[in-house]
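Step one of this worksheet: look at the structure below.
The values are calculated or read from the model by the stated rules, or taken from the named source; none is laboratory data. What you are looking at is a predicted structure, and each value in this text was computed from that prediction instead of being measured. Note that we place each Cβ from the backbone using ideal geometry, even for glycine, and neighbour counts take in every protein chain shown. We work out accessible area using only protein heavy atoms, side chains counted, and drop any ligands, DNA or RNA first. Shrake-Rupley method; radii C 1.70, N 1.55, O 1.52, S 1.80 Å.
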Amino acid sequence: MRQFITAYTLIDGFKCMVNGRLLFYQENILTFADFIKALYKQEQVNYPKFYKMDALGKLGFIASELLLRNKDIKSYPPELTGVVLSNSSSSLDTDIAHNETIRNREHYFPSPSVFVYTLPNIVIGEICIRNGIKGENAFLVSESFNSELIAGYVTDLFSRELVKGCLCGWIEVLGNRCEAFLAWVENQADVAETKPGPFNPVPFDAEHLKLLKNQNDR
C-alpha cells in the first residue's frame, strides 16, 4: 500500500509556512529566541512547558503543533503512530550551552535543566507527550538533509505495519540558524477516507520530500 504526505510545515530563515501557506514572517526579527517566541504567541499556543525546552525542543514542538493541529491523529491507535526526525548537528546547540557550565573549574555549576536536553531525541519525547504518540520513533543524524534515508526508514515502518501514521522530517538549530521541515504521512486508504483539506496529498517518497523542503529555493 502506498503512503502519502497529507500535511507539512516548513520553517526556514525565520519564516514559517504550513501546507504551502505563509503563516509567519517579520523582517525585524534577528534571533532564534525572538522568532520562536513571536511565533508561539501569534499562534496562541498554550503549553507552559514550552518555555522550559531547549532551542531544538521549541522548534520541533512548534513545527509539529502547527502541522498536527488540523490532523486527526487520535483516530489512530497511539502505538501505531510514530516520529522519525533527523538533523546534522544532533544536540550540539545545547551541548555547547552545557559545556559552558562545566568548563570553568572555579565556577563549575552544571544545570540539570540544560543537561537533560543533551540528546537529540528529547525533542521526539516532547512531541510524543504533547500528542499522545506511543509508537516507533528514531532520530537520525546525517551530514545534510537526506530524503532517501528518511523515506526508506519510514516506508519500512509502514511496510511492517508498525505505524499507520508517522511524523517525519528535518529539524536543525545551531545558534541563530534554524530550519525545520516536518511532514505527516498516512496510508493511501486512510487518505481516501478523509475530507479534502487545504493541501492536496502527494506521494510519500524521497523526491516529494526534497521538493517540499526545497520549495523556497525554486
Q. If you go through the range 24-34 one residue at a time, do you hit one that is closer than 26 Å to PHE204 by Cα and among the acidic types (Asp, Glu)?
A. no
Q: Mind listing whichever residues of the range 185-202 are at pLDDT below 70 and outside any loop (DSSP other than H, G, I, E, B)?
A: ALA192, GLU193
Q. Taking the range 59-81 as the search range and keeping residues that are in contact with a Gly (Cβ under 6 Å, 6 or more places away or on another chain) and more than 23 Å from ILE11 (Cβ to Cβ), which one is most open to solvent (accessible area, probe 1.4 Å)?
A. GLU79
Q) Checking ILE133 against (1) at pLDDT 95 or above; (2) closer than 16 Å to LEU68 by Cα; (3) surrounded by fewer than 21 Cβ atoms within 10 Å (Cβ to Cβ), which test does it fail? A) (3)
**Q.** Flag for LEU59 being closer than 22 Å to LYS210 by Cα and modelled with pLDDT of 95 or more
**A.** yes
Q | Candidates ASN70, ASN46, filtered to the one that is more than 18 Å from PRO120 (Cα to Cα) and in contact (Cβ under 8 Å) with a residue 24 or more places away in the chain | A | ASN70
Q: Kindly indicate the residue of the range 122-160 that is in contact (Cβ under 8 Å) with a residue 40 or more places away in the chain and among the charged types (D, E, K, R) and also nearest to TYR76 (Cα to Cα) among those meeting that condition.
A: LYS134
Q) What number goes with the only condition from (1) in a helix (DSSP H, G or I); (2) among the hydrophobic types (A, V, I, L, M, F, W, C); (3) open to solvent by 20 Å² or more (accessible area, probe 1.4 Å); (4) touching a residue at least 24 places away in the same chain (Cβ under 8 Å) that LEU23 does not pass? A) (1)
Q.
Please go through the range 26-42 and give me each residue that is surrounded by fewer than 16 Cβ atoms within 10 Å (Cβ to Cβ), part of a loop (DSSP other than H, G, I, E, B) and either free of Cβ contacts under 8 Å to residues at least 40 places away in the same chain or among the acidic types (Asp, Glu) (or both), ordered by number.
A. GLN26, GLU27, ASN28
